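For reference, the structure discussed in these notes is given below.
FYI, it's all coordinate maths here, none of it is from the lab. All values derive from a computational prediction rather than experimental measurement. Cβ placement follows ideal geometry from the backbone for every residue including glycine, while neighbour counts extend to all protein chains displayed.
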Amino acid sequence: MSHPIENKLATLSRRTWTRTIAAALGATAAAPLTQAQERRVEEERRAREAGMIRNAPIGYKETIKVTKLETILVKPRWLFLKVHTDAGIVGLGEPITEGRALTCATAVQEVAPYLVGKDPRAVAHHWQAIYRHAFYRGGPILTSVLSGIDQALWDIKGKALGVPVYELLGGPTRSRIRVYAHARSPRAMQEAMKNGFNAFKTGPAKQRPSRYIETPKQVKYAIERFAELRAAVGDDADIGIDFHGAISPALAKLLIKGYEPYNPLFIEEPCQAQNHDVMAEIARGTHLPIATGERVFTKWGFREVLEKKAATVLQPDMCHAGGITEVRLIAGMAEAYYASIAPHNPLGPISLAAGVQLAASIPNFLIQEQVSLGEGYVKQPFKVSKGYLELPVTPGLGVELDDNAMADKIGHDWRNQESYDADDGSVVDW
Ligand SMILES: [Mg+2]
């Protein structure tokens, strides 16, 4: 229900509105608004336009119960979750381990008997119950399912109170969220720059799946291709390099030495994340920041990364590491080691929205990964300007699915890629 003051404000023009708020912030002709104040004015105007001021749909402590957990397979390889409630509020999440969508969908239904009938707003309590009552704790599948459910419960809580999730987590800690795009060629990076990006991620250029130790020709090929990328975007842009854990530690050291003069933003997963001592040794051998985290789960997994100093950029995935509840705690652990958080995200717009809410509630955020800004999936896709996303002002996670636009994207049978050595047929990483 709208407030009488809002009805009046709604009729004000944008210019009048800006003047009104600017005056309230103490701006004068002699002392105009700072950029940060201007952004606050704009955020407040957007919130009012969206009807989000004084807009909680139910009262604090009015009863609300979970009625159903619904999963939807969504192309290209995602799994969306809708947690339905008897208040009509629906929470969204992405409870997915890539390549195991059906397994995750089944695991969601195995959690449903616990959650149905309960108040969804006790988010941290439900996290503990779902994680600890499993007896066998963690693992990629169960932690991903817990992550997606956690996102949906935060979405419900924010919507019930009429505020974005970051408001419930002590935020906002920032007014815009930096993002990067994937690009592998100079042309692709320059195109992305035209679309507002100034940070990118690429992989080591390869002419074949990497051998344990590569030839000087292959090492030179990788470094020269990266030098071309650096020349294409200049020294004021950022480029991370993702080794995907598909390079042996011995070859990783060779490549990193070659990349050092070109100052990549970070070297991601220079080896697999199953032996943090080895990654720590690689980290000690270079001044370049080492990043890892997409295959590390919960605070217990990241504890070892931090204690062994294996990485200074942590990349928990909002859909794998334990959701908003857990990644916020991981960020606090990272802060004690002066490490930053760059949420991993090769998934959909709900995952991105969860990362944005996290970024706006922690101090040590570096940059957010994305492969979709939500076009064709959500009603209000994210927009990139000068490398940043605007901070959402709508309640919960800030995204609503566009069921009509998604109609042609329902269902998939995506499988992980199989890679073999072309010369001897042995299994290789991609
Ligand atoms: Mg990666």
Calculate how steeply helix 249-259 sits against the longest principal axis of the alpha-carbon atoms of the chain, using the helix alpha-carbon long axis, and give the answer as 0 to 90 degrees to the nearest 10. 80
Which distance in Å, rounded to a whole number, links the C-alpha centroids of region 184-222 and region 360-430? 20
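Compute the Kirkwood hydrodynamic radius of region 329-426, taking the inverse of the mean of 1/r over all pairs of distinct Cα atoms, and give it in Å to one decimal.
So the Kirkwood estimate lands at 15.9 Å.
Using only DSSP helix segments of four residues or longer, with each worth -39500 (n - 2.57), what per-residue ellipticity at 222 nm results for the chain after dividing by its residue count and rounding to 500?
Working: 15 runs with 170 residues, N = 430.
Mean residue ellipticity at 222 nm (helix-derived): -12000 deg cm²/dmol.
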Please give the FRET efficiency for Ser185 paired with Thr63, using the beta carbon to beta carbon distance and R0 = 41 Å, rounded to the nearest 0.05. 0.15
With axes computed from alpha carbons, what is the tilt in degrees of helix 216-233 against the longest principal axis of the chain, rounded to the nearest 10 within 0 to 90? 30
Cβ under 15 Å from Gln218's Cβ, Gln218 left aside: what net charge do those residues give with Lys, Arg +1 and Asp, Glu -1? +4
Which of Pro316, Tyr262, Gly162 sits closest to the plus end of the dipole of the chain, meaning its Cα is farthest towards the positive end, when Lys and Arg get +1 and Asp and Glu get -1 on the C-beta? Gly162
Would you kindly state how much longer the chain becomes between Tyr420 and Lys194 on full extension, computed as 0.36 nm times their sequence separation minus their alpha carbon distance, in nm to one decimal? 77.6 nm
Using the alpha-carbon centroid of each, what span in Å lies between region 240-271 and region 91-114? 34
With springs connecting C-alpha atoms under 10 Å apart, model the chain as a Gaussian network and identify which of Val163, Val313, Val219 has the largest mean-square fluctuation. Val219
GNM flexibility winner over the chain from Ala36, Ala246, Ala237 (Cα, springs under 10 Å): Ala36
Using alpha-carbon coordinates, inclination of helix 349-359 to the longest axis of the chain, degrees: 80
May I ask you to sort Tyr60, Tyr420 by Cβ crowding, counting other Cβ atoms within 10 Å and putting the fewest first? Tyr60, Tyr420
As computed over the chain, the Cα convex hull volume per residue (Å³): 165
Over 29 Å between Cα atoms, which of Lys159/Lys409; Lys201/Lys253; Lys75/Lys379; Lys253/Lys386 qualify? Lys253/Lys386
Run the quick spin-label model on Leu102 and Asn263: label points 7 Å from Cα toward the beta carbon, then report their separation in nm to one decimal. 5.0
Amide H to amide H under 5 Å from Gly240: which residues, 5+ apart in sequence or cross-chain, H placed 1.01 Å off N in plane? Phe200, Lys201, Thr202, Leu265, Phe266
Kindly identify region 247-347 as rounded, prolate or oblate by the Cα gyration tensor criterion: order the square roots of the eigenvalues as a ≥ b ≥ c, call it rounded if a/c is under 1.5, otherwise compare a/b with b/c, prolate if a/b is larger, else oblate. prolate
Using amide H atoms built 1.01 Å from N in the peptide plane, name the residues 5+ places from Ile362, or on other chains, whose amide H lies under 5 Å from its own. Thr173
